[in-house]
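Take a look at the structure set out below.
The values are calculated or read from the model by the stated rules, or taken from the named source; none is laboratory data. Computed from a predicted model, the values in this text were never measured in an experiment. Neighbour counts run over all protein chains shown; Cβ positions are idealised from the backbone, glycine included. All accessible areas refer to the heavy atoms of the entire protein, side chains included, with ligands and DNA or RNA removed. Shrake-Rupley method; radii C 1.70, N 1.55, O 1.52, S 1.80 Å.
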Amino acid sequence: MLRVGLTGGIGAGKSEVSRLLVDCGAVLIDADRIAREVVEPGTPGLAAVVEAFGAAVLTEDGRLDRPKLGSIVFADREKLAALNSIVHPLVGERSRALEEAAEAAAEDAVVVHDVPLLTENGLAPLYDVVVVVDADPATQLDRLVRLRGMSEQDARARMAAQATREQRREIADLVVDNDVPLEELRRRVREVWAELARRAHTE
């Protein structure tokens, strides 16, 4: 099994790259999706978040109000660290269980961990290969404002809360440049997949 850490700044197009890798045959473990699951209503994760941030971060139907929580933590590094200390251990536990299931199914599986904060949390050593999806900050900002409907202020705050472009590239074994049209991105991802599959068979 080849353990791949996939990361990239917000708005860089990491989710699209992960989808394309799945199309190629990768097993995807999506930390963002798992992070949502571990704070669903009734979970210990949501109870811990409410204890730390108060009931004001809940919607009327008792679900986590992500925009409200995001506006709190992305403007305050200490509060962001507090949230991460709750969610990250839960995500790690669930990710390990999914990875063990993938390994049991195929010894040469390529398991891609989609981890937005891989760089920030010093997680590169946990993976056999680190793939970084890279885009110009101006491209990231445009995507966040135009495609996700964020205000420019919120978009810049979220970008500033993450590692720099240079820090991500420093830990990369492979870089997918994503300032390109979708068809070119598909070609680049196929090249990365060929390399990942080769390593999975040889390691």
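For the chain, a Gaussian network of Cα nodes joined below 10 Å ranks D32, D128, D23 by mean-square fluctuation, and the top entry is D23. Residues whose amide H falls under 5 Å from that of V176, counting only those 5 or more places apart or on a different chain, are V132, V133, D134, with hydrogens built in the peptide plane. With springs only between Cα atoms under 10 Å, which of L117, L126, L147 fluctuates most in a Gaussian network model of the chain? Highest fluctuation of the listed residues: L147. Ranking M150, V57, V17 by Cα position along the charge dipole of the chain, where only Lys, Arg, Asp and Glu carry charges on their C-beta atoms, puts M150 farthest toward the positive end. For the chain, the residue among T7, P67, A31 whose Cα projects farthest onto the positive side of the dipole built from Cβ charges is P67. Based on protein heavy atoms only, the chain ends up with 53 Å² per residue of surface accessible to a 1.4 Å probe.
Roughly how many debye, to the nearest 20, is the charge dipole of segment 1-97 about its Cα centre, given +1 on each Lys and Arg Cβ, -1 on each Asp and Glu Cβ, and no other charges?
Roughly 280 debye for segment 1-97.
Comparing Cα centroids, segment 111-154 and segment 174-203 end up 17 angstrom apart.
Derived value for segment 123-201: Kirkwood hydrodynamic radius 14.2 Å. Basis is the mean of 1/r over every pair of different alpha-carbon atoms. Here the accessible area is traced with a 1.4 Å probe on the protein chains. For the chain, carbon and sulfur cover 51 percent of it.
In segment 1-55, the C-alpha radius of gyration followed by the widest Cα-Cα span (Dmax) gives 15.0, 43 angstrom.
Under a 5 Å amide H cut-off, with hydrogens placed 1.01 Å from N, E120 pairs with A163 among residues at least 5 apart or on other chains. When you filter the GluC sites (Glu not before Pro) in segment 40-116 for DSSP loop state and at most 16 other Cβ atoms inside 10 Å of their Cβ, you are left with E60, E107.
Taking trypsin sites (Lys or Arg not before Pro) as exposed when DSSP calls them loop and at most 15 other C-beta atoms lie within 10 angstrom, the chain has its longest site-free stretch at 64-147.
The phi-based Karplus calculation (6.51 cos²θ - 1.76 cosθ + 1.60; θ = phi - 60°) puts the 3J(HN,Hα) values of segment 45-59 at x, 5, 4, 5, 5, 5, 4, 7, 10, x, 5, 5, 8, 9, 7 Hz, whole numbers, x for Gly and Pro.
Taking the Cα centre of the chain as reference, the dipole from Cβ charges on Lys and Arg (+1) and Asp and Glu (-1) amounts to some 400 debye. Here the Karplus curve 6.51 cos²θ - 1.76 cosθ + 1.60, taken at θ = phi - 60°, turns the phi angles of segment 65-79 into couplings of 8, 4, x, 5, 5, x, 5, 7, 7, 7, 9, 8, 4, 5, 5 Hz, with x standing for Gly and Pro. Taking a quarter of the surface of the Cα convex hull of segment 1-140 gives a mean projected area of 9.4 nm². Amide hydrogen proximity for L2: with H placed 1.01 Å from N in the peptide plane, the residues at 5 or more positions away or on another chain lying under 5 Å are A109, V110, V111. Per the Kirkwood formula applied to alpha carbons, segment 44-112 shows a radius of gyration over Rh ratio, Rg over Rh, of 1.14. Across segment 184-194, computed HN-Hα scalar couplings (Karplus, 6.51 cos²θ - 1.76 cosθ + 1.60, θ = phi - 60°) run 5, 4, 4, 4, 5, 5, 4, 5, 5, 4, 4 Hz from first to last residue, x flagging Gly and Pro.
Computed over the chain with a Gaussian network model linking Cα atoms closer than 10 Å, the most mobile of V110, V50, V17 is V50.
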